[in-house]
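Working notes for the structure below.
The values are calculated or read from the model by the stated rules, or taken from the named source; none is laboratory data. In this text, all values refer to a predicted model and were calculated from it rather than measured experimentally. Backbone-built Cβ (ideal geometry, glycine too); neighbour counts: all protein chains shown.
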Amino acid sequence: MVKRYLPPVAAFVVCALLSVWVLTSPFWQTVMKVSMVMRIVHDEYVDADSVSYERLRSAAIEGIMASLDAHSRYMPREDFERFEESTQQRYVGIGVEIERLRERVTVITVFEGGPAAEAGILPGDQIIAVGDEDSTEWSVGDVARRLRGPAGERVAVTLMRPLSGEALEIELARAPVRLASVRDERVDEEGFGYIALRQFGDRTPGEVRDAAERFAEKGVRGLVVDMRDNPGGLLHAAKAVADVFLPRGQLIVSMEGRRKRDRVEFRAEKPAVLEGVPLVVILNESSASGAEIVAGALQDSMRATVVGATSYGKGSVQSVYSFRAGDALRQTTARYLLPGGRSIDEVGIEPDVLVEFSEEQRAELILQERHAAILGAEAFGEIFGWPPDRTDEPLQTALQILREQVEERSRRNV
């Protein structure tokens with residue numbers, strides 16, 4: 001008889017214990033409280049159309065992530081797709097880089113092979129309307145969002161072209177645009193190399209190593225690595241780029257987090273390229289994340305001199321958790337330390353040599369490089385409103401440092 005009642009009694013005891021655990025668990029108490037609030041709002045809020053469970057769920061998740069830090073957030077499906085595009089160095093749009101210059105959102109760069117290039121859009125063109133909406137008061141972000149969209153979908157853009165003074169209305173079909181990480185690579189007449197990095201994506205390490213090997217074949221006397229306006233990107237890409245210039249075994253960056261797997265050191269694993277060749281890194285206020293990891297690793301290891309402005313100061317690492325619906329969470333899970341043990345979070349990397357150079361000066365310099373040689377000084381001044389006399393002070397400072405370092409080495413070797 002006793003054996004007959006043992007299973008039901010045991011089941012009752014288990015259920016009772018589970019109930020007590022649920023009622024006293026902070027996690028389940030929180031879940032029940034949030035569920036209760038969602039039910040009340042869903043059933044009783046005055047505007048029924050604005051309180052669907054889907055909308056309330058998104059609002060709850062966004063609120064949780066917004067309470068953490070500036071780099072943790074909830075990404076709806078559309079935002080997550082854009083995030084993946086950036087890490088894979090591609091996006092869907094018209095293929096231009098834009099900045100606000102003299103109160104107008106202006107095309108700074110036209111990417112080769114993109115819809116804008118095929119339509120004849122030029123650097124210096126000012127975007128004054130998107131579709132049938134006047135965009136002269138929009139921010140750069142507002143214009144960028146309107147220019148992006150599904151591949152194949154068409155968008156009309158109205159441009160003011162200072163070169164001719166005419167307004168042009170162009171309709172383009174949005175298309176996938178691939179972005180190279182290396183946006184400039186050259187060797188000057190003195191034998192100094194220059195490379196500019198746009199971001200840190202999946203293909204960045206290969207692009208940088210290939211460029212460094214080409215510089216080595218040409219026997220460059222020194223190299224400038226320009227990471228101004230580089231917002232960073234993937235941690236493994238930044239680590240691999242630093243690996244190009246540092247000797248095997250050199251500490252690049254370490255991470256500290258709550259989980260054991262987030263407490264790790266990254267060291268250079270491959271032979272360095274351009275070993276012994278002087279390096280100078282250029283940063284500005286918009287250089288962040290991966291750019292700071294590379295610059296900090298080279299600075300702390302005494303491998304490079306850093307010039308420009310104090311960088312943005314993003315010293316945290318984010319992990320991404322995706323869901324089947326296509327949305328995702330991007331959450332800070334660790335903070336990184338540079339080889340010297342310092343954290344640059346909200347502090348940034350201080351340059352060894354400070355050179356002030358504003359965003360507007362940089363945008364003007366890019367336009368000058370694109371048009372001055374073709375137009376001539378007088379025509380350029382009439383069209384753009386300023387003479388083509390801008391000098392890239394951070395770059396000139398970097399080159400002067402390389403000259404001095406090369407001369408110093410020559411004296412020591414005599």
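Some points to look at:
- Applying the criterion of being in contact with a His (Cβ under 9 Å, 6 or more places away or on another chain) and among the basic types (Lys, Arg) to the residues of region 304-342, the residue that is farthest from Gly276 (Cα to Cα) is Arg330.
- Region 149-208: number of residues that are of a type in the set (Asp, Glu) and under 22 Å from Gly219 (Cβ atoms): 6
- Near pairs, Cβ below 8 angstrom, 6+ apart or cross-chain, from region 244-273 (of a type in the set (Phe, Trp, Tyr)) to any residue that is part of a loop (DSSP other than H, G, I, E, B): Phe245/Ala272; Phe245/Val273; Phe245/Leu274; Phe245/Arg303
- Here Ala151, Ala144, Ala117 are screened, and the one residue that is part of a loop (DSSP other than H, G, I, E, B), outside the structural domain of Val208 (by TED's automatic domain parsing), among the hydrophobic types (A, V, I, L, M, F, W, C) and farther than 25 Å from Trp386 by Cα is Ala151.
- Test result for Ala291, assigned to a strand (DSSP E or B), under 21 Å from the mean Cα position of the chain (by Cα) and in contact (Cβ under 8 Å) with a residue 12 or more places away in the chain: no
- Near pairs, Cβ below 6 angstrom, 6+ apart or cross-chain, from region 32-55 (surrounded by 11 or more Cβ atoms within 10 Å (Cβ to Cβ)) to any residue that is in a helix (DSSP H, G or I) and aliphatic (A, V, I, L, M): Met38/Leu56; Val51/Val41
- In region 180-219, the residues that are more than 15 Å from Ala242 (Cβ to Cβ), part of a helix (DSSP H, G or I) and among the basic types (Lys, Arg): Arg214, Lys218
- Matching helices (runs of 4 or more DSSP H) fully within region 1-89 where at least 2 residues are at pLDDT 75 or above and of a type in the set (Phe, Trp, Tyr): 26-44, 77-87
- Sole exception among (1) of a type in the set (S, T, N, Q); (2) out of contact with any Asp or Glu (no Cβ under 9 Å at 6 or more places or on another chain); (3) under 30 Å from Glu407 (Cβ atoms) for Ser311, by number: (2)
- Residue match in region 185-199 (condition: free of Cβ contacts under 8 Å to residues at least 40 places away in the same chain, surrounded by fewer than 21 Cβ atoms within 10 Å (Cβ to Cβ) and touching a helix residue (DSSP H, G or I) at 6+ places or on another chain (Cβ under 7 Å)): yes
- Residue in region 108-151 that is surrounded by the most Cβ atoms within 10 Å (Cβ to Cβ), counting only those that are of a type in the set (Asp, Glu) and touching a strand residue (DSSP E or B) at 6+ places or on another chain (Cβ under 9 Å): Asp125
- Options Arg370, Arg409, Arg403, Arg342; residue that is basic (Lys, Arg) and crowded, with 17+ Cβ neighbours inside 10 Å: Arg370
- Test: Val306 is modelled with pLDDT of 95 or more, in a strand (DSSP E or B) and either β-branched (Val, Ile, Thr) or surrounded by 22 or more Cβ atoms within 10 Å (Cβ to Cβ) (or both): yes
- Scan of region 90-107 for residues that are part of a loop (DSSP other than H, G, I, E, B), buried (at least 21 other Cβ atoms within 10 Å of the Cβ) and of a type outside the set (A, V, I, L, M, F, W, C), ordered by number: Gly95
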